[in-house]
Amino acid sequence: MTLRIGTRRSKLALAQANEVAGALDASGVRTELVPITTAGDRGADPASDPAGLKGLFVAEIVRALRDAEIDLAVHSAKDLPAGEDEDVVIAAVPQRASALDVLVTRDGELRPGTRVGTSSIRRRAQVVRWRPDMVVEDLRGNVDTRLRKLADGETDALILAAAGLVRLGVVPEHVAPMSLAEMVPAPGQGCLAVQARASDRETIEALSVLDHPPSRTALEAERGLMARLGGGCALPLGAFAEPTARGVRMVAIALTPDGARFARTEVDAATPAEVAALAALDLSAGGADEILGLVRP
């Protein structure tokens, strides 16, 4: 059996797919990569997809999976919309890479007036709260493009996902991890989600060797919070969950894009569903529904 792996064509997506392919090959399962160009890669308008920006990067891959053009799909978990489909399941969550964001600077300094480039409203809002003396500018492109713009002086600093740099094998000269006090990551950041058709028991069984229960627990908690808060698009919502000896702990934050208003919580519970429910209640009590309502389509 050769499993066809659907993936985006970006350098990072291919690195992620090859990570999964390597693990499957090591378990004796042959694989073949099937690169797919998504609407998001073509620069489509987020309003054109019911799931918003996130949906643009996964919809065509999921369609190919449903139509049996591929046998499994590898996604950055943070790109998956919060809703679950009955016919497609997350069959495996491999061991999570770092969930944290990192700060990359041109010269290692963060002076007042430093220009920080990011296209994420979650990152923008938290930078404004953390360092109101810095200037946040819209900066788009893949990792290589952003690092080139930094080197060319188009911006003074970048905020990137640590996992993306590790998977690409990129080590900038001036890079520092950001703590959860400074920057709560996106739900699912650092996780891969490997999807299969719910009816394809053979593929699901083959993928079981990839599943890392602690990483799945964390992802289920973070996606559970997204679902409760209506996180179908790129909202200014951060969440980080991790298993503990007594269950699951979660840190979560929701902010207005200008950082002026925010709700933050840190909760513990026995299961991913319970911790997501508690975090959602806490955030809602702090005004998260109104805060996130300001940026929902």
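Only one entry of ALA288, ALA263, ALA280 meets the criterion of being modelled with pLDDT of 95 or more and more than 14 Å from GLY224 (Cα to Cα), and that entry is ALA263. Within segment 275-297, residues that are of a type in the set (Val, Ile, Thr) sit with their Cβ atoms under 7 Å from residues that are part of a helix (DSSP H, G or I) and modelled with pLDDT under 95, at 6+ positions apart or across chains, in these pairs: VAL295/ILE121. ALA245 falls short on exactly one of the conditions (1) without any contact (Cβ under 8 Å) to a residue 24 or more places away in the chain; (2) among the small types (Gly, Ala, Ser); (3) in contact with a Gly (Cβ under 7 Å, 6 or more places away or on another chain), and that condition is (3). Being among the hydroxyl-bearing types (Ser, Thr, Tyr), under 19 Å from ARG96 (Cα atoms) and buried (at least 18 other Cβ atoms within 10 Å of the Cβ) is a property that does not hold for THR265. Against the numbered list (1) assigned to a loop (DSSP other than H, G, I, E, B); (2) of a type in the set (Gly, Ala, Ser); (3) in the same structural domain as ALA13 (by TED's automatic domain parsing), ALA206 comes up short only at (1).
Would you be able to say whether some residue in segment 204-215 is crowded, with 23+ Cβ neighbours inside 10 Å and on the phi > 0 side of the Ramachandran plot? Scanning segment 204-215, I find no residue that is crowded, with 23+ Cβ neighbours inside 10 Å and on the phi > 0 side of the Ramachandran plot, so the answer is no. Against the test of being crowded, with 19+ Cβ neighbours inside 10 Å, farther than 30 Å from GLU32 by Cβ and not assigned by TED's automatic domain parsing to the domain that holds SER27, the options ALA151, ALA163, ALA125 yield a single qualifying residue, ALA125. Taken over segment 140-159, the residue count meeting the criterion of being in contact with a helix residue (DSSP H, G or I) (Cβ under 7 Å, 6 or more places away or on another chain) and part of a strand (DSSP E or B) is 2. Every listed requirement among (1) over 30 Å from ALA198 (Cβ atoms); (2) charged (D, E, K, R); (3) in the same structural domain as ALA21 (by TED's automatic domain parsing) is met by ARG106 save one, (3). Taken together, LEU103, LEU110 contain a single residue that is surrounded by fewer than 18 Cβ atoms within 10 Å (Cβ to Cβ) and either at pLDDT below 95 or part of a strand (DSSP E or B) (or both), which is LEU110. The requirement of being assigned to a strand (DSSP E or B), of a type in the set (A, V, I, L, M) and crowded, with 16+ Cβ neighbours inside 10 Å is satisfied by ALA252. Residue-level analysis places GLY247 among those that are on the phi > 0 side of the Ramachandran plot, outside the structural domain of ARG122 (by TED's automatic domain parsing) and among the small types (Gly, Ala, Ser). State whether one or more residues within segment 143-158 are within 16 Å of the chain's Cα centre (by Cα) and at pLDDT below 95. Yes, because at least one residue in segment 143-158 is within 16 Å of the chain's Cα centre (by Cα) and at pLDDT below 95. Tell me, please, whether a residue that is modelled with pLDDT of 95 or more and either surrounded by 21 or more Cβ atoms within 10 Å (Cβ to Cβ) or under 29 Å from ALA221 (Cβ atoms) (or both) can be found in segment 46-58. Scanning segment 46-58, I find no residue that is modelled with pLDDT of 95 or more and either surrounded by 21 or more Cβ atoms within 10 Å (Cβ to Cβ) or under 29 Å from ALA221 (Cβ atoms) (or both), so the answer is no. Residue selection: GLU220 fails the criterion of being in contact (Cβ under 8 Å) with a residue 12 or more places away in the chain, charged (D, E, K, R), under 30 Å from GLY259 (Cα atoms) and assigned to a loop (DSSP other than H, G, I, E, B).
Scanning segment 169-219 for residues that are within 14 Å of SER98 (Cα to Cα) and of a type in the set (Val, Ile, Thr) returns a single hit, VAL184. Within segment 4-17, residues that are within 14 Å of THR37 (Cβ to Cβ) reach partners that are in a loop (DSSP other than H, G, I, E, B) and modelled with pLDDT of 95 or more with beta carbons closer than 9 Å, at six or more positions or on different chains, in the pairs GLY6/GLU69; GLY6/ILE70; GLY6/ASP71; THR7/ILE70. When we screen PRO187, PRO177 for residues that are surrounded by fewer than 15 Cβ atoms within 10 Å (Cβ to Cβ) and either assigned by TED's automatic domain parsing to the domain that holds ALA13 or touching a helix residue (DSSP H, G or I) at 6+ places or on another chain (Cβ under 7 Å) (or both), the only hit is PRO177.
The values are calculated or read from the model by the stated rules, or taken from the named source; none is laboratory data. Values in this document were obtained by computation on a predicted structure and should not be read as measured data. Note: ideal-geometry Cβ built from the backbone for every residue, glycine included; neighbour counts use all protein chains shown.
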